[in-house]
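Novice: Before I ask anything, let me first share the structure, which is written out below as C-alpha coordinates.
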Amino acid sequence: MPGAGAMSWPPDQRFAGIRVVGHGVVRATPDLATFRIAAVASAPTATQATEQASAAMRAMLAEIDAAGIARSDRQTHGIHVTSWREYEGQPVRYQASQHLVLHVRDVPSAGETIGRVLAAGGDCARVEQSTLSLADEAAHQDQAREAAMADATRKARQLARLAGRSLGAVVAVSEAPGAVPMVAQSRDLAAPAAFTVPVESGEVEIAVTLAVEFAWGD
(Lines give C-alpha, C1' and ligand atoms only; values in the text may rest on other atoms or scores of the structure.)
Protein backbone atom coordinates (compact mmCIF):
# COMPACT_ATOMS: atom_id res chain seq x y z
CA MET A 1 0.00 0.00 0.00
CA PRO A 2 1.25 3.52 -0.76
CA GLY A 3 3.07 4.97 2.19
CA ALA A 4 2.75 1.80 4.28
CA GLY A 5 5.29 1.82 7.06
CA ALA A 6 5.94 5.54 6.65
CA MET A 7 3.87 6.50 9.69
CA SER A 8 4.71 5.36 13.23
CA TRP A 9 4.34 6.39 16.85
CA PRO A 10 6.91 6.25 19.66
CA PRO A 11 6.60 2.80 21.30
CA ASP A 12 6.68 4.26 24.81
CA GLN A 13 3.94 6.83 24.19
CA ARG A 14 0.69 5.90 25.94
CA PHE A 15 -2.61 6.76 24.31
CA ALA A 16 -6.15 5.82 25.35
CA GLY A 17 -7.91 5.42 22.04
CA ILE A 18 -7.39 4.08 18.53
CA ARG A 19 -4.53 4.81 16.17
CA VAL A 20 -4.84 3.98 12.50
CA VAL A 21 -3.14 4.78 9.22
CA GLY A 22 -5.32 5.75 6.27
CA HIS A 23 -4.31 5.62 2.61
CA GLY A 24 -5.84 7.56 -0.24
CA VAL A 25 -4.95 7.24 -3.92
CA VAL A 26 -6.22 9.26 -6.88
CA ARG A 27 -5.33 8.50 -10.48
CA ALA A 28 -5.16 11.34 -12.98
CA THR A 29 -4.08 11.97 -16.56
CA PRO A 30 -1.07 14.31 -16.85
CA ASP A 31 -1.98 17.67 -18.37
CA LEU A 32 1.48 19.27 -18.52
CA ALA A 33 4.40 18.21 -20.71
CA THR A 34 7.77 19.73 -19.83
CA PHE A 35 10.76 19.51 -22.14
CA ARG A 36 14.34 20.56 -21.55
CA ILE A 37 15.70 21.33 -25.00
CA ALA A 38 19.05 22.64 -26.16
CA ALA A 39 20.86 24.10 -29.13
CA VAL A 40 24.38 22.67 -29.34
CA ALA A 41 27.04 23.62 -31.90
CA SER A 42 30.75 22.91 -32.37
CA ALA A 43 33.17 25.11 -34.32
CA PRO A 44 36.85 26.10 -34.54
CA THR A 45 36.18 29.29 -32.55
CA ALA A 46 34.01 30.13 -29.57
CA THR A 47 32.34 32.93 -31.54
CA GLN A 48 31.37 30.63 -34.40
CA ALA A 49 30.02 27.97 -32.04
CA THR A 50 28.01 30.55 -30.10
CA GLU A 51 26.59 32.11 -33.26
CA GLN A 52 25.49 28.72 -34.59
CA ALA A 53 23.86 27.72 -31.29
CA SER A 54 22.17 31.13 -31.03
CA ALA A 55 20.79 30.87 -34.56
CA ALA A 56 19.35 27.43 -33.82
CA MET A 57 17.80 28.60 -30.54
CA ARG A 58 16.26 31.65 -32.23
CA ALA A 59 14.71 29.37 -34.85
CA MET A 60 13.28 27.11 -32.14
CA LEU A 61 11.93 30.10 -30.21
CA ALA A 62 10.23 31.34 -33.39
CA GLU A 63 8.50 27.97 -33.72
CA ILE A 64 7.52 28.12 -30.04
CA ASP A 65 5.99 31.55 -30.69
CA ALA A 66 4.13 30.13 -33.70
CA ALA A 67 2.71 27.38 -31.47
CA GLY A 68 1.20 30.04 -29.21
CA ILE A 69 3.12 29.01 -26.10
CA ALA A 70 3.17 31.78 -23.50
CA ARG A 71 6.46 33.38 -22.52
CA SER A 72 5.78 32.39 -18.93
CA ASP A 73 6.01 28.74 -20.05
CA ARG A 74 9.61 29.00 -21.26
CA GLN A 75 12.82 29.79 -19.41
CA THR A 76 16.49 29.82 -20.32
CA HIS A 77 18.15 27.18 -18.18
CA GLY A 78 21.81 27.65 -19.02
CA ILE A 79 24.35 28.95 -21.55
CA HIS A 80 27.71 27.21 -21.84
CA VAL A 81 30.87 27.40 -23.96
CA THR A 82 33.59 24.77 -23.57
CA SER A 83 36.78 23.89 -25.42
CA TRP A 84 38.54 20.59 -26.05
CA ARG A 85 41.08 18.77 -28.19
CA GLU A 86 40.15 15.41 -29.65
CA TYR A 87 43.82 14.35 -29.63
CA GLU A 88 46.99 15.86 -28.25
CA GLY A 89 48.40 18.31 -30.77
CA GLN A 90 45.05 18.74 -32.57
CA PRO A 91 43.53 22.24 -32.91
CA VAL A 92 41.25 23.37 -30.11
CA ARG A 93 37.53 23.19 -30.88
CA TYR A 94 34.70 24.90 -29.07
CA GLN A 95 31.21 23.76 -28.17
CA ALA A 96 28.43 26.20 -27.32
CA SER A 97 25.12 25.13 -25.83
CA GLN A 98 21.98 27.01 -24.89
CA HIS A 99 19.33 25.27 -22.80
CA LEU A 100 15.62 26.02 -22.47
CA VAL A 101 12.86 24.59 -20.27
CA LEU A 102 9.57 24.51 -22.16
CA HIS A 103 6.09 23.77 -20.76
CA VAL A 104 3.44 22.52 -23.19
CA ARG A 105 -0.01 22.58 -21.62
CA ASP A 106 -1.79 20.81 -24.47
CA VAL A 107 -0.45 17.29 -23.92
CA PRO A 108 -2.26 15.66 -26.89
CA SER A 109 -0.46 18.05 -29.26
CA ALA A 110 2.86 18.04 -27.36
CA GLY A 111 4.46 15.51 -29.70
CA GLU A 112 3.68 17.56 -32.79
CA THR A 113 4.74 20.79 -31.09
CA ILE A 114 8.11 19.54 -29.88
CA GLY A 115 8.73 17.87 -33.25
CA ARG A 116 8.33 21.19 -35.05
CA VAL A 117 10.49 22.99 -32.50
CA LEU A 118 13.30 20.47 -32.88
CA ALA A 119 13.05 20.50 -36.66
CA ALA A 120 13.43 24.29 -36.61
CA GLY A 121 16.70 23.90 -34.71
CA GLY A 122 18.08 21.44 -37.25
CA ASP A 123 21.13 19.36 -36.36
CA CYS A 124 21.87 21.64 -33.41
CA ALA A 125 18.60 20.77 -31.63
CA ARG A 126 18.54 18.36 -28.70
CA VAL A 127 15.97 17.03 -26.23
CA GLU A 128 17.71 16.46 -22.92
CA GLN A 129 14.72 15.56 -20.76
CA SER A 130 10.95 15.30 -20.90
CA THR A 131 8.39 14.88 -18.12
CA LEU A 132 4.63 14.55 -17.85
CA SER A 133 3.00 15.91 -14.72
CA LEU A 134 -0.07 17.64 -13.29
CA ALA A 135 -0.45 21.40 -13.59
CA ASP A 136 -2.75 21.50 -10.53
CA GLU A 137 -1.43 18.78 -8.25
CA ALA A 138 -2.97 20.35 -5.13
CA ALA A 139 -6.55 19.65 -6.23
CA HIS A 140 -5.76 15.95 -6.70
CA GLN A 141 -3.90 15.84 -3.40
CA ASP A 142 -7.02 17.21 -1.70
CA GLN A 143 -9.05 14.34 -3.15
CA ALA A 144 -6.45 11.78 -2.06
CA ARG A 145 -6.35 13.33 1.42
CA GLU A 146 -10.14 13.02 1.73
CA ALA A 147 -9.90 9.39 0.65
CA ALA A 148 -7.14 8.76 3.21
CA MET A 149 -9.23 10.23 6.03
CA ALA A 150 -12.23 8.16 4.96
CA ASP A 151 -10.03 5.06 4.98
CA ALA A 152 -8.71 5.86 8.45
CA THR A 153 -12.23 6.48 9.79
CA ARG A 154 -13.49 3.20 8.32
CA LYS A 155 -10.67 1.28 9.99
CA ALA A 156 -11.18 3.03 13.32
CA ARG A 157 -14.92 2.30 13.32
CA GLN A 158 -14.26 -1.36 12.65
CA LEU A 159 -11.68 -1.57 15.43
CA ALA A 160 -14.01 0.16 17.88
CA ARG A 161 -16.79 -2.27 16.99
CA LEU A 162 -14.48 -5.26 17.39
CA ALA A 163 -13.39 -3.91 20.77
CA GLY A 164 -16.98 -3.40 21.88
CA ARG A 165 -16.46 0.33 22.26
CA SER A 166 -17.81 3.45 20.60
CA LEU A 167 -15.61 5.70 18.50
CA GLY A 168 -14.96 9.24 19.65
CA ALA A 169 -13.57 12.34 17.99
CA VAL A 170 -10.30 12.71 16.14
CA VAL A 171 -7.64 14.05 18.49
CA ALA A 172 -4.59 14.14 16.19
CA VAL A 173 -3.73 13.84 12.49
CA SER A 174 -0.36 13.80 10.74
CA GLU A 175 0.50 13.37 7.08
CA ALA A 176 3.47 11.52 5.61
CA PRO A 177 5.57 13.48 3.10
CA GLY A 178 4.66 12.55 -0.45
CA ALA A 179 6.59 12.45 -3.70
CA VAL A 180 5.71 14.67 -6.66
CA PRO A 181 3.93 12.48 -9.22
CA MET A 182 5.41 12.57 -12.70
CA VAL A 183 6.31 10.38 -15.61
CA ALA A 184 9.86 11.17 -16.66
CA GLN A 185 11.94 10.33 -19.70
CA SER A 186 15.53 11.41 -20.22
CA ARG A 187 16.98 11.40 -23.68
CA ASP A 188 19.45 13.19 -25.92
CA LEU A 189 18.04 13.32 -29.43
CA ALA A 190 19.06 15.23 -32.51
CA ALA A 191 16.34 16.46 -34.84
CA PRO A 192 17.11 15.74 -38.52
CA ALA A 193 13.79 16.83 -40.04
CA ALA A 194 10.20 17.73 -39.29
CA PHE A 195 8.48 14.96 -37.36
CA THR A 196 5.99 14.23 -34.60
CA VAL A 197 7.29 12.70 -31.39
CA PRO A 198 4.90 10.05 -29.99
CA VAL A 199 3.72 11.18 -26.54
CA GLU A 200 1.48 8.90 -24.46
CA SER A 201 0.18 10.63 -21.34
CA GLY A 202 -0.86 7.54 -19.38
CA GLU A 203 -1.82 8.16 -15.75
CA VAL A 204 -0.09 9.15 -12.53
CA GLU A 205 -0.99 8.21 -8.97
CA ILE A 206 -1.30 10.81 -6.23
CA ALA A 207 -1.09 9.09 -2.85
CA VAL A 208 -1.61 10.50 0.64
CA THR A 209 -1.01 8.67 3.92
CA LEU A 210 -2.47 9.94 7.20
CA ALA A 211 -1.85 8.80 10.76
CA VAL A 212 -5.02 9.49 12.75
CA GLU A 213 -5.73 9.18 16.47
CA PHE A 214 -9.30 8.74 17.70
CA ALA A 215 -10.49 8.96 21.28
CA TRP A 216 -12.92 6.42 22.68
CA GLY A 217 -16.50 7.63 22.58
CA ASP A 218 -17.55 6.01 25.85
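Novice: Out of region 16-40, which residues are crowded, with 22+ Cβ neighbours inside 10 Å and among the small types (Gly, Ala, Ser)?
Specialist: Gly22, Gly24, Ala33, Ala38, Ala39
Novice: List, please: which pairs have Cβ atoms under 6 Å, are six or more places apart or on different chains, and start with a residue in region 104-132 that is closer than 11 Å to Ala67 by Cα and end with one that is of a type outside the set (A, V, I, L, M, F, W, C)?
Specialist: So the pair list comes out as Val104/Thr113; Glu112/Thr196; Arg116/Glu63; Val117/Glu63.
Novice: Search region 25-51 for residues being in contact (Cβ under 8 Å) with a residue 60 or more places away in the chain and farther than 30 Å from Asp142 by Cβ, and hand back the single one that is nearest to the chain's Cα centre (by Cα).
Specialist: As a first pass, look at region 25-51 and keep what is in contact (Cβ under 8 Å) with a residue 60 or more places away in the chain: 25-41.
Remaining after also requiring farther than 30 Å from Asp142 by Cβ: 37-41.
Details: Ile37: 16, Ala38: 19, Ala39: 23, Val40: 25, Ala41: 29 Å.
Looking at the filtered set, the residue picked out is Ile37.
Novice: Just checking: which of the strands (runs of 3 or more DSSP E) contained wholly in region 164-218 hold 1 or more residues that are hydroxyl-bearing (Ser, Thr, Tyr) and at pLDDT below 90?
Specialist: Working: elements: 167-175, 182-190, 204-216.
Of the strands (runs of 3 or more DSSP E) lying wholly inside region 164-218, those with at least 1 residues that are hydroxyl-bearing (Ser, Thr, Tyr) and at pLDDT below 90 span 182-190.
Novice: Now for a separate question. So if I check each of Ala150, Ala135, Ala139, which one is loosely packed, with under 14 Cβ neighbours inside 10 Å, in contact (Cβ under 8 Å) with a residue 40 or more places away in the chain and assigned to a helix (DSSP H, G or I)? Give the steps one after another, and end with the answer.
Specialist: Numbers: Ala135 fails: assigned to a helix (DSSP H, G or I); Ala139 fails: in contact (Cβ under 8 Å) with a residue 40 or more places away in the chain.
The conditions single out Ala150.
Novice: With Ala135, Ala160, Ala148 as the choices, which residue is under 27 Å from the mean Cα position of the chain (by Cα), more than 30 Å from Ala55 (Cα to Cα) and at pLDDT 95 or above? Can you show your working first?
Specialist: Details: Ala135 fails: at pLDDT 95 or above; Ala160 fails: under 27 Å from the mean Cα position of the chain (by Cα).
Among Ala135, Ala160, Ala148, only Ala148 is under 27 Å from the mean Cα position of the chain (by Cα), more than 30 Å from Ala55 (Cα to Cα) and at pLDDT 95 or above.
Novice: Going through region 106-116 one residue at a time, which ones are surrounded by 14 or more Cβ atoms within 10 Å (Cβ to Cβ) and either within 23 Å of Leu134 (Cα to Cα) or among the hydroxyl-bearing types (Ser, Thr, Tyr) (or both)?
Specialist: Keep residues of region 106-116 that are surrounded by 14 or more Cβ atoms within 10 Å (Cβ to Cβ), which gives 106-107, 109-116.
Correct list: Asp106, Val107, Ser109, Ala110, Gly111, Glu112, Thr113, Ile114, Gly115.
Novice: Looking at Asp151, Asp106, Asp123, Asp136, which one is within 30 Å of Ser166 (Cβ to Cβ) and of a type in the set (D, E, K, R)?
Specialist: Asp151
Novice: Here's a follow-up. Look through region 62-103, keep the residues that are without any contact (Cβ under 8 Å) to a residue 60 or more places away in the chain, closer than 17 Å to Glu51 by Cα and not small (Gly, Ala, Ser), and return whichever of them is surrounded by the fewest Cβ atoms within 10 Å (Cβ to Cβ). Steps first, please.
Specialist: Within region 62-103, the subset without any contact (Cβ under 8 Å) to a residue 60 or more places away in the chain is 62-97.
Cutting the leftovers down to closer than 17 Å to Glu51 by Cα gives us 62, 76, 78-83, 93-97.
Subsequent filtering for residues that are not small (Gly, Ala, Ser) retains 76, 79-82, 93-95.
Numbers: Thr76: 10, Ile79: 14, His80: 13, Val81: 14, Thr82: 12, Arg93: 17, Tyr94: 18, Gln95: 17.
Residue satisfying both the conditions and the ranking: Thr76.
The values are calculated or read from the model by the stated rules, or taken from the named source; none is laboratory data. Just so we're clear, the structure is a prediction, and the values are computed from it rather than from any experiment. Every residue, glycine as well, gets a Cβ built from its backbone with ideal geometry; the counts of neighbours run over all protein chains shown.
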